Amino acid sequence: MLDLNKPFRTKCGFKARLLCSNLEGTSSRIVVGVFIPFMQREVVIQYSRNGERLFKEKNGYEEIASAAEAYGPMYDYTLVNAPVRRSKTIWVNLYPDATAAAHESLEEADKAANSNRVACREITYEWEEKQ
């Protein structure tokens, strides 16, 4: 189920943003701006609250479809929650005997360092958490 309180995108990875979640006369539709990279612009599309595209022929879909044909197979415009990107930085003391020790901060690494430390390196790694 699509959670509109969390970041979302299309299944094919295109950026999407919520434009309207309270269309007059219905509580089951949302209006979303989807950035189509090969068109270099945002297209407004209506979706159900579970992320399924509605009214394919009435909201710019024909334009997307004709442009997409020139670029390969059709893309999946269904909305899904985007993975959350996380990162962490650690500090690693390096020693001449090929050993290393990781620490949460530079201060902690300096405090724990042995006198034969060759270097202290900052390492930042990133990952995506599935929603």
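Nothing in this text is a laboratory measurement; each read-out follows from the coordinates by a stated rule. Since the model is a prediction, treat every value here as computed from it, not as a measurement.
Working note: Debye formula, equal point scatterers on the alpha-carbon atoms of segment 1-53, no solvent; log10 I(q)/I(0) at q = 0.18, 0.25 Å⁻¹ is -0.55, -0.99.
Length gain on complete extension for the stretch residue 22 to residue 6, per 0.36 nm per residue less the alpha carbon to alpha carbon distance?
Working: separation 16, 0.36 × 16 = 5.76 nm, distance 1.73 nm.
Length difference between fully extended and current span is 4.0 nm.
Counting only Cα atoms, the size of segment 84-129 along its three principal axes is 40, 21, 10 Å, in decreasing order.
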